[in-house]
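Take a look at the structure below.
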Amino acid sequence: MTGIYQHSVDAKGRLFIPARLRDELGDVFYVTISTEKCLSAYSNESWESFTEKIKSRSTIDQKKVRALFSHATRCEVDGQGRILLPKAQREHAGLKKDVTVVGVGGRAEFWDSEEWAAVDAAETSPENIAAVFMELDI
């Protein structure tokens, strides 16, 4: 998944998912909290694969990702291309109105637009890009 898209959460907590990302996420996908102040969306297939990997781990390891599962929501895209984000998820990510939807390879992220602007500015600096390329040996 790639791209940056600007949208808004409406008064009912619905967020429009761009058509390009809907094609990759599917009509049913999972949204959960992230390691950053955003939400992450995974296709049904990706979520099932992740779930199977976790099920094969020890109980102690399963507890480590409990928050991801307990805060996950199965989302279905409505006829207008929107999903409903629960209030708790919106609050966790600080999503009030303006939301930036970001494609991040195997998932999408939903950011408060102001929060995303700061992250994007730091991550797209020439120095950071050079450091990442060197670290990943690209």
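The values are calculated or read from the model by the stated rules, or taken from the named source; none is laboratory data. From a predicted model like this one, the values you see are computed outputs, not experimental measurements. Here the Cβ is made from the backbone with ideal geometry for all residues, glycine too, and neighbour counts use every protein chain on show.
Please list, ordered by first then second residue, the pairs with beta carbon atoms under 9 Å, 6 or more apart or interchain, first in region 117-131 and without any contact (Cβ under 8 Å) to a residue 12 or more places away in the chain and surrounded by 12 or more Cβ atoms within 10 Å (Cβ to Cβ), second in a helix (DSSP H, G or I) and of a type outside the set (Asp, Glu).
That search, which allows pairs on different chains as well, returns Asn128/Ala122.
I'd like to know if region 97-105 contains one or more residues that are modelled with pLDDT of 95 or more, surrounded by 14 or more Cβ atoms within 10 Å (Cβ to Cβ), out of contact with any Ser or Thr (no Cβ under 8 Å at 6 or more places or on another chain) and in a loop (DSSP other than H, G, I, E, B).
There is no residue in region 97-105 that is modelled with pLDDT of 95 or more, surrounded by 14 or more Cβ atoms within 10 Å (Cβ to Cβ), out of contact with any Ser or Thr (no Cβ under 8 Å at 6 or more places or on another chain) and in a loop (DSSP other than H, G, I, E, B).
Restricting to region 12-33, count the residues that are of a type in the set (Gly, Ala, Ser) and either at pLDDT 95 or above or touching a Gly at 6+ places or on another chain (Cβ under 9 Å) (or both).
Count: 2.
Which residues, taken from region 81-96, are among the aliphatic types (A, V, I, L, M) and exposed (fewer than 12 other Cβ atoms within 10 Å of the Cβ)?
Correct list: Ala88 only.
Condition check ((1) aromatic (Phe, Trp, Tyr); (2) out of contact with any His (no Cβ under 6 Å at 6 or more places or on another chain)) across all residues:
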{"site": "Ala19", "(1), (2)": "no, yes"}
{"site": "Arg22", "(1), (2)": "no, yes"}
{"site": "Ile33", "(1), (2)": "no, no"}
{"site": "Trp47", "(1), (2)": "yes, yes"}
{"site": "Ala88", "(1), (2)": "no, yes"}
{"site": "Glu91", "(1), (2)": "no, yes"}
{"site": "Phe110", "(1), (2)": "yes, yes"}
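Which condition number does Ala88 fail, the rest of (1) without any contact (Cβ under 8 Å) to a residue 40 or more places away in the chain; (2) assigned to a loop (DSSP other than H, G, I, E, B) being met?
With (1) without any contact (Cβ under 8 Å) to a residue 40 or more places away in the chain; (2) assigned to a loop (DSSP other than H, G, I, E, B) applied to Ala88, the lone miss is (2).
Filter region 64-80 for residues that are surrounded by fewer than 15 Cβ atoms within 10 Å (Cβ to Cβ) and in contact (Cβ under 8 Å) with a residue 40 or more places away in the chain and give the result.
Arg74, Glu76, Asp78, Gln80, listed by residue number.
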